[in-house]
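Here the structure comes first, spelled out in structure tokens, and everything after it is commentary.
Readers should treat all values here as calculations from the given coordinates under stated rules, not as data from a laboratory. Note that the coordinates shown come from a computational prediction; the quantities given were computed from them, not determined experimentally. As a convention, Cβ positions derive from the backbone with ideal geometry for all residues, glycine included, and neighbour counts pool all protein chains shown.
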Amino acid sequence: MLEIQNLHAKIDNKEILRGINLTVKPGEIHAIMGPNGSGKSTLASVLAGSEVFEVSDGSAAFYGKDLLDMAPEDRAREGLFYSFQYPVEIPGVSMVNFMRTSVNEHRKYNNLKPYTASEFLKLMREKKKLVEIDSNLTNRSVNEGFSGGEKKKNEIFQMAMLQPKVAILDETDSGLDIDALRIVANGVNKLKSKDTATIIITHYQRLLDYIVPDHVHVLHNGRIVKSAGKELALELEEKGYEWIKKEFED
Ligand code: ADP
Ligand code: MG
Ligand code: MG
């Protein structure tokens, strides 16, 4: 469903991604780990369509379509979801209205009838329950004044509402207390299906205790230098990144 080949991206002539190869199939959970500054968020941003970075080589295909050629909103409408490391606040726009617009835009793009108000509210009730989000959060402005944990839970709620094919979660676990971590992880697990995939960017094994990845990749200096099964995350937890840095010094 997602095929990334030799992806290079730079900013201000500084190359951040230096040849990423990654294949994601339906039903899979991939974890991307790696030291700070290795390019994890950059990879996610480039896939989501950030114009801050210039793609200088390589390709990314999403169900056979050239992802890099699509506008960011079309990537989202095709079913790519990116949960930002730092979710933005949108004062004056309530979560309810924001979600109704987003969901119906996605439906329109995919030739589906927009939800009526009551259909939409029903969907919202269902998904709120699924991700255990407080009622009052959805009546407030998007992320405005939300705590770190509430923002992250809200990201999972948005993901539940939009039902993406591929979700990229960028450090969705950072800043979460144990209960919020469990809620976020449960949400991701409940949304898992044989047709959807999740890419989780994380520094910590603790999230992967709840969400068990099929593949773990280590990003270092803009390249995936190691890929293995879930045991790699445990090894990193135990040994840190120094050995990776040493082994792949250049
Ligand atoms: P990670 O998410 O793995 O911690 P990032 O992808 O955020 O790493 O950053 C990778 C590198 O790209 C870092 O050296 C960072 O300073 C640089 N970088 C990211 N965004 C920008 C930007 N907007 N302007 C300049 N440099 C950036
Ligand atoms: Mg970082
Ligand atoms: Mg990051």
*By how many degrees, between 0 and 90 and to the nearest 10, does the Cα long axis of helix 117-131 differ from the longest principal axis of the chain?*
50 degrees
*Taking Cα pairs under 8 Å and at least six residues apart, what relative contact order does the stretch 1-132 come out at, in percent?*
21 percent
*Pull up the cross-link candidates among the aspartates and glutamates for K165, meaning alpha carbon to alpha carbon under 12 Å and not fewer than 8 places away within one chain.*
E28, E78, D195
*asked:* Can you compute the FRET efficiency between D209 and E132 using 1/(1 + (r/R0)^6), with r the Cβ-Cβ distance and R0 = 22 Å? Round to the nearest 0.05.
replied: 0.75
*Picking from V216, A180, G58, whose Cα lies most toward the positive end of the charge dipole for the chain (charges on Cβ: Lys, Arg +1; Asp, Glu -1)?*
A180
*Using a cut-off of 12 Å between beta-carbons, work out the net charge of the residues near N36 (Lys and Arg +1, Asp and Glu -1, N36 not included).*
+1
*For the stretch 20-37, in order, what is each residue's ³J(HN,Hα) by Karplus, 6.51 cos²θ - 1.76 cosθ + 1.60 with θ = phi - 60°, in whole Hz (x at glycine and Pro)?*
8, 10, 7, 10, 10, 10, x, x, 8, 10, 10, 10, 10, 10, x, x, 3, x
*Too-long pairs where the Cα-Cα distance tops 24 Å, listed order kept, from K10/K239; K65/K194; K25/K113; K122/K153; K151/K190*: K10/K239; K25/K113
*Collect residues whose amide H, placed 1.01 Å from N in the peptide plane, falls under 5 Å from the amide H of I20; neighbours closer than 5 in sequence don't count.*
N6, L7, H8
*Which whole-Hz couplings ³J(HN,Hα) result when phi for each residue of the stretch 84-99 is put into the Karplus expression 6.51 cos²θ - 1.76 cosθ + 1.60, θ = phi - 60°, listed in order with x for Gly and Pro?*
5, 4, 10, x, 8, 8, 10, x, x, 10, 6, 3, 4, 5, 4, 5
_Principal axis dimensions, largest first and in whole angstrom, of the chain by Cα_ = 57, 39, 34
*asked:* Skipping prolines and chain starts, which residues have an amide H placed within reach, meaning under 5 Å, of the one on H220, given they are 5 or more residues away or on another chain?
replied: V225
*asked:* Check which residues have an amide H placed less than 5 Å from A197's amide H, if you skip close sequence neighbours.
replied: G27, V166, A167
*Once every DSSP H run of n ≥ 4 in the chain is given -39500 (n - 2.57) and the sum is divided by its residues, what mean residue ellipticity at 222 nm do you get, rounded to the nearest 500 deg cm²/dmol?*
-12000 deg cm²/dmol
_Helix 148-162 vs. the chain, principal-axis angle (Cα, 0 to 90°, nearest 10)_ = 70 degrees
*Could you tell me the distance between the Cα centroids of the stretch 1-26 and the stretch 81-138, to the nearest Å?*
30 Å
*If you place +1 on the Cβ of every Lys and Arg and -1 on the Cβ of every Asp and Glu, how big does the dipole about the Cα centre of the chain come out, in debye to the nearest 20?*
920 debye
*Name the residue farthest towards the positive end of the dipole of the chain from the options L191, A44, H8, assuming +1 on Cβ of Lys and Arg, -1 on Cβ of Asp and Glu, about the Cα centre.*
L191
*Please state the charge dipole magnitude for the stretch 95-242, taken about the Cα centre, from unit charges on C-beta atoms (+1 on K and R, -1 on D and E), reported in debye and rounded to the nearest 20.*
860 debye
*Each residue of the stretch 173-184 in turn: what ³J(HN,Hα) in whole Hz from Karplus with 6.51, -1.76, 1.60 and θ = phi - 60°, glycine and Pro shown as x?*
8, 6, x, 9, 7, 4, 5, 5, 4, 5, 5, 4
*asked:* Using the Cα centre of the stretch 58-144 as the reference point, and only Cβ charges (+1 on K/R, -1 on D/E), how large is the resulting charge dipole? Debye, rounded to the nearest 20.
replied: 440 debye
*From the square roots a ≥ b ≥ c of the eigenvalues of the alpha-carbon gyration tensor of the stretch 51-181, which class results: rounded (a/c under 1.5), prolate (a/b over b/c), or oblate?*
oblate
